Amino acid sequence: MTDTNEEVRYGLAGVLADDTAVSKVVPETNSLTYRGYAVQDLATQGRFEETAYLIWNGELPTKTQLEAFEAEERAARGLSPALRGVIERYSAHAHPMDTLRTSVSFAGQEDAEANLGSGMSEAGFDAEALQRLSLRLFANIPEMIAADYRHREGKPAIAPDASLPWSENFFHMCFGEVPAPQVVEAFDVSMTLYAEHSFNASTFTARVIASTTSDLYSAVTGAIGALKGPLHGGANEAVMDMLKEVGSPDRARDWMLTALREKRKIMGFGHRVYRSGDSRVPTMTDAFKRMVDVTDTEEARTYWEMSRILDDTMVSEKGIYPNLDFPAGPAYYLMGFPIPMFTPLFVMARITGWTAHIVEQLGHNKLIRPLSHYTGSAQRAYVPMGDRG
Ligand SMILES: CC(=O)SCCNC(=O)CCNC(=O)[C@H](O)C(C)(C)COP(=O)(O)OP(=O)(O)OC[C@H]1O[C@@H](n2cnc3c(N)ncnc32)[C@H](O)[C@@H]1OP(=O)(O)O
Ligand SMILES: O=C([O-])CC(=O)C(=O)O
């Protein structure tokens, strides 16, 4: 049967598509765990590198394991001269998610091991090879984003610094300096919170591509395309655009009431799985508040106050709660990143979750191919060209 008359679950809402041991979202208790650990504990008590190790290996690293992992990540940094040249030729009007998608795809065709671990290689599934590819992307996506940012700014790229940890190195490659520890810490918190979220649209995209036993770079390139949309990762940019449109705290409540009356989608609110609040929001809101305090400007306080009023109004009027993108957008703005760069920052973190899911998918693969409910014309006779009116 290619088509079915069974009930269609639009958007696959509520459909259980596969098993996973990577993370667990429990909407009833607003909880999220990575490999069994509460995301709030990981975000506030450890560095993002520990979370990356955990997501990929299933266990928290010992001190020695973490040191070895960090050394491997630092050794894997550095784009090829060819890719650096490609980034310098990107068009100035391209969205940074489009250029990042291209950079990842370009890196894939350069990587001699790109097809290892997939159905394209004779050896077939190879978790270790997939892990090497994942680490390469984790180590190099930050430079792809930073070099593209500097190119847009008309500034020369800054090479990675192997003496710096992952987040610090990213700031260094973007701005030529490492900001105050509180800023790096808030960024690191956002990375852990963004790292993984079960079968969200971009992860599911990666799994669909992997399920054909295609290669890891193809799956990640597709996932970047899925994350870009404002209903998913692109919402963190849209939230900041919204705050700018609102303009001031005294306009915030009326702005929201008008937008709701006009049936506008309010960016940074709502979630397919969480119905009474996103588990990650309180931790990210604290990080946003710390950014407001560190920045200590009138503008920063304005964004904070507006966000409080928009949140209260949306919850009281519609009972719809903010999602992670709501506090993350303005926090990134206060860190000095331009708005179109926010979703690429999400990619920097989510590369860990995506690749863990690709390995999991390929490890017990079943081609993902659902059915559809056909609503087109009934079968009819072919009409030769000369007989068509
Ligand atoms: C990291 C992430 O990817 S988190 C998600 C980021 N995306 C956003 O912030 C974009 C804004 N939010 C949305 O568009 C949605 O809430 C989604 C796409 C996230 C979830 O969508 P769904 O699960 O399909 O919920 P759906 O769109 O059916 O919403 C149910 C009801 O709530 C309303 N609703 C949900 N979210 C919003 C919103 N942000 N603004 C206004 N109304 C909303 C819908 O209009 C709908 O109302 P109706 O029943 O009267 O038609
Ligand atoms: O789970 C989802 O649908 C979206 C989300 O919050 C994420 O990917 O972090």
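FYI, it's all coordinate maths here, none of it is from the lab. These numbers come from a predicted model, not from an experiment. Here the Cβ positions follow ideal geometry from the backbone for every residue, glycine too, while neighbour counts run over all protein chains shown.
Under 18 Å of direct C-alpha separation, and excluding same-chain neighbours fewer than eight residues apart, LYS155 reaches these aspartates and glutamates: GLU88, GLU143, GLU177.
In percent, rounded to a whole number, the relative contact order of the range 235-334 is 47, using alpha-carbon pairs under 8 Å and six or more apart. The GluC sites (Glu not before Pro) of the range 6-42 that meet both conditions, a loop assignment by DSSP and at most 12 other Cβ atoms within 10 Å of the site Cβ, are GLU6, GLU7.
Among the GluC sites (Glu not before Pro) in the range 253-338, which ones are in a DSSP loop with at most 11 other Cβ atoms within 10 Å of the Cβ? Mind listing them? Those satisfying the criteria are GLU262. Across the chain, the mean sequence separation of Cα contacts (distance under 8 Å, 6 or more residues apart), normalised by length, yields a relative contact order of 24 percent. Peptides 74-82, 199-207 ranked from most to least packed by the mean count of surrounding Cβ atoms within 10 Å: 199-207, 74-82.
Springs between Cα atoms under 10 Å define the GNM used for the chain, and in it the highest mean-square fluctuation of THR285, THR258, THR343 occurs at THR258. By the rule of a C-alpha distance below 13 Å, with chain neighbours fewer than 8 residues away ignored, the aspartates and glutamates paired with LYS63 are GLU49, GLU50. Oblate is the label for the range 235-334. Its Cα gyration tensor axes, ordered a ≥ b ≥ c, give a/c of at least 1.5 and b/c at or above a/b. At q = 0.13 Å⁻¹, what base-10 log of I(q)/I(0) does the Debye formula yield for the chain when every alpha carbon is treated as an equal point scatterer in vacuo? Values, matching the q order: -1.10.
Around the Cα centre of the chain, unit charges on the Cβ atoms of Lys, Arg, Asp and Glu (plus for the first two, minus for the last two) sum to a dipole of about 1080 debye.
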